[in-house]
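This report refers to the structure that appears directly beneath it.
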Amino acid sequence: SQQGEEDPQALSIQEGENATMNCSYKTSINNLQWYRQNSGRGLVHLILIRSNEREKHSGRLRVTLDTSKKSSSLLITASRAADTASYFCATDQGNNRLAFGKGNQVVVIP
Amino acid sequence: EAGVTQSPTHLIKTRGQQATLRCSPISGHTSVYWYQQALGLGLQFLLWYDEGEERNRGNFPPRFSGRQFPNYSSELNVNALELEDSALYLCASRWTYQSSYNEQFFGPGTRLTVL
């Protein structure tokens, strides 16, 4: 089954604005990860949050995790044109597999 | 440090043919994962190899197979190609014994087109 469902699917914002995307999942997890994909190429790991963490920061990225609601959000602050990409959440259920969502397409308009 | 590499970048085949895709993990990484990214379907887990053994398999038919070599590089073989096999195939690696968090490093992918 597909774990990780990002919402909204597509987001278009002006440069400098913040972008928020959400991800929900169905089962217990060890951790949740966010990846970025530029123009149908390989994925780049952005940030990992463990199941016992509620919030994590990395540069302009802020991730939250609510295990009671089985949801996570990714916030990109002060967006740049280079942030234009697809963003995927992936859940690690402890079986050495990652289950990816279908992704959010973010377009940052200069 | 060199990243994960994949070859070829693009591959065009016709229905019924076989395709072979290759992946070289980051030096020192022992685990290799394969994913299929078809249009509109997100990333689907295909196979996981570690220390030369197939450890886990996604919900794909047996005509998707692969192997991992002693140097930890890997091949994905797709037999009897069908039109719906057209997709971007991504390989990822990780060092099983270093990270318990399953952070994976991805290659640029192979774009397979089946005509």
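The values are calculated or read from the model by the stated rules, or taken from the named source; none is laboratory data. Computed from a prediction, not measured in an experiment: that's the story for all the values here. For neighbour counting, all protein chains shown are included, and Cβ atoms are generated from backbone atoms with ideal geometry for every residue, glycine included. All accessible areas refer to the heavy atoms of the entire protein, side chains included, with ligands and DNA or RNA removed. Shrake-Rupley method; radii C 1.70, N 1.55, O 1.52, S 1.80 Å.
Odds and ends about this structure:
- Springs join every pair of Cα atoms under 10 Å in this Gaussian network model of chain B, and among B:Phe60, B:Phe105, B:Phe45 the largest mean-square fluctuation is at B:Phe60.
- The magnitude of the dipole of chain B, with charges of +1 and -1 set on the Cβ of Lys/Arg and Asp/Glu and taken from the Cα centre, is near 280 debye.
- Neighbourhood charge, 13 Å Cβ-Cβ cut-off, centred on B:Ala19 and excluding it, Lys, Arg +1 and Asp, Glu -1: +2
- Accessible surface buried by the B/A pair amounts to about 1800 Å², both sides summed, 1.4 Å probe.
- Rounded percent of accessible protein surface that carbon and sulfur make up, region B:1-99, 1.4 Å probe: 49 percent
- The label point for B:Asn59 and the one for B:Thr5, both projected 7 Å from the Cα toward the Cβ, are 3.6 nm apart.
- Here the protein assembly as shown yields Rg over Rh of 0.97, to two decimals, using C-alpha coordinates and the Kirkwood radius.
- The residues of chain B have, on average, 48 Å² of accessible surface per residue, using a 1.4 Å probe with all protein chains present.
- The alpha-carbon of A:Lys26 sits under 21 angstrom from the alpha-carbons of these lysines, leaving out residues fewer than 8 places away in its chain: A:Lys69, A:Lys70, A:Lys102.
- Dipole axis of the protein assembly as shown (+1 Lys, Arg; -1 Asp, Glu on Cβ), positive-most option in A:Phe100, B:Gly40, B:Phe105: B:Gly40
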